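A.B. asks: Structure provided below as structure tokens; questions to follow.
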Amino acid sequence: MSTAAHADTGHHLEHHQDHTGAKIGMWLFLFTELLMFGSLFLVYSDYRMQFPADFHYSASTLDPLVGTINTLILLTSSLTMALAIAALDRNRHRVAVRLMGVTIVLGGIFLINKYFEWSAKFAHDLYPGSETLSLMAEGERQFFNLYYAMTGLHGLHVLAGMIIIAVMLWLVARKPRQKYMLLDVKPARVALQDDSERNLLVLPAGEDLHEVHVTLVYEKHEELSRRHLIHLENTGLFWHLVDLIWIFLFPLFYLIT
């Protein structure tokens with residue numbers, strides 16, 4: 001007589017996710033981010049109204065071409081991120097992985113451009129606490145203080161987003177893991193000791209021998225997609241917020257002249 005048994009290594013590894021709760025939690029987090037940057041925008045507006053001429057002059061020292069290139073880079077990265085989510089939704093894992101990789105590369109290019117831009121300012125002794133900046137007018141000092149604070153905080157968010165996307169890339173690129181084992185036990189006809197290539201083991205059962213056929217069942221790509229899609233969508237929301245904040249920073253610092 002043969003018997004079939006599910007010897008699952010963790011019952012059926014079913015993942016019950018609260019997608020609605022995850023989305024609400026993410027939107028609440030994004031709201032706190034908006035409050036933080038919104039308060040900085042209010043401070044910027046207050047100082048700009050107090051020192052319009054100084055802000056106008058200080059902005060003229062920034063290169064709008066660099067800001068424009070970085071804007072195009074982030075907008076393109078938002079597109080690749082959205083395409084990655086759409087690809088995963090269609091179970092096209094390789095395409096999703098490649099698009100996430102492109103998004104990470106674009107984020108890195110943005111930070112490299114920002115590094116060279118900051119380096120040029122540091123070379124001219126224009127940074128918070130520098131002697132040159134301390135001798136400038138009050139409005140100019142406040143402009144550069146806000147410039148470093150707001151673009152620096154935004155850069156940290158870009159870096160954090162790249163790390164999160166890299167984690168998602170690793171999760172999506174992983175091979176499907178074992179879901180459960182299916183055992184099929186039958187009386188042995190040949191007293192074999194072990195045949196691992198055919199997944200056949202011969203185990204003693206009293207005076208008789210029994211064959212144990214082991215079948216490993218793995219998760220399907222559709223199951224992986226359902227589990228990772230909500231996380232990738234939330235990651236995409238965070239990345240889009242980072243891009244949106246830059247859309248406001250770009251004209252405030254580069255285009256007010």
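A.B. asks: Sort TRP118, TRP239, TRP27 so the one with the fewest other Cβ atoms within 10 Å of its own Cβ comes first.
C.D. replies: Values: TRP118 17, TRP239 26, TRP27 11.
Listed from fewest to most nearby Cβ atoms, that is TRP27, TRP118, TRP239.
A.B. asks: If you don't mind, another one. Any idea how far apart ASN91 and VAL66 come out in nm if each label point goes 7 Å out from Cα toward Cβ?
C.D. replies: The modelled label-to-label distance comes out at 4.8 nm.
A.B. asks: If you don't mind, there's one more thing I want to ask. With a 10 Å Cβ neighbour count serving as the proxy for reagent exposure, in which order, fewest first, do THR76, THR235, THR132, THR71 appear? Mind dumping the intermediate values first?
C.D. replies: Values: THR76 15, THR235 23, THR132 10, THR71 19.
The most exposed by this proxy come first: THR132, THR76, THR71, THR235.
A.B. asks: Within a Cβ distance under 14 Å of LEU146, other residues only, what is the Lys/Arg minus Asp/Glu net charge? Let's see the in-between values first.
C.D. replies: Details: positive: ARG48, LYS121, ARG141; negative: ASP46, ASP54, GLU138, GLU140.
That sum, taken over residues with Cβ under 14 Å, equals -1.
A.B. asks: By the gyration tensor of its Cα atoms, with a ≥ b ≥ c the square roots of the eigenvalues, what is the shape of the range 28-125: rounded for a/c under 1.5, prolate for a/b over b/c, or oblate?
C.D. replies: In terms of gyration-tensor shape, oblate.
A.B. asks: Ok, one more. Could you work out how much longer the chain between VAL167 and TYR148 gets when fully extended? Use 0.36 nm per residue separation minus the Cα distance between them, nm to one decimal. All intermediate terms of the calculation are to be shown ahead of the outcome.
C.D. replies: Values: separation 19, 0.36 × 19 = 6.84 nm, distance 2.84 nm.
Extending this stretch completely gives an extra 4.0 nm.
A.B. asks: Kindly state, to the nearest 0.05, the FRET efficiency for PHE29 paired with HIS124, given R0 = 41 Å and r defined as their beta-carbon distance. Let's see the in-between values first.
C.D. replies: Details: r = 38 Å, r/R0 = 0.92.
With R0 = 41 Å, the Cβ-Cβ based efficiency is 0.60.
A.B. asks: Using a Förster distance of 51 angstrom, determine the FRET efficiency expected from the C-beta separation of THR20 and GLU131, and round it to 0.05. Spell out each step's value before the answer.
C.D. replies: Numbers: r = 55 Å, r/R0 = 1.08.
About 0.40, to the nearest 0.05.
A.B. asks: If packing is taken as the average number of other Cβ atoms within 10 Å across a peptide's residues, how do 163-171, 102-110 rank, most packed first?
C.D. replies: On the way: 163-171: 16.4, 102-110: 20.0.
Result, highest mean Cβ count within 10 Å first: 102-110, 163-171.
A.B. asks: I need ASP243, ASP54 ordered by Cβ neighbour count within 10 Å, fewest first.
C.D. replies: Listing ASP243, ASP54 from fewest to most nearby Cβ atoms yields ASP54, ASP243.
Every read-out reported here was derived from the displayed coordinates using simple, explicitly stated rules and does not represent laboratory data. The structure presented is a predicted model; accordingly, all values stated were derived computationally and were not measured. So basically every Cβ, Gly included, is an ideal-geometry build from the backbone, and we count neighbours across all protein chains shown.
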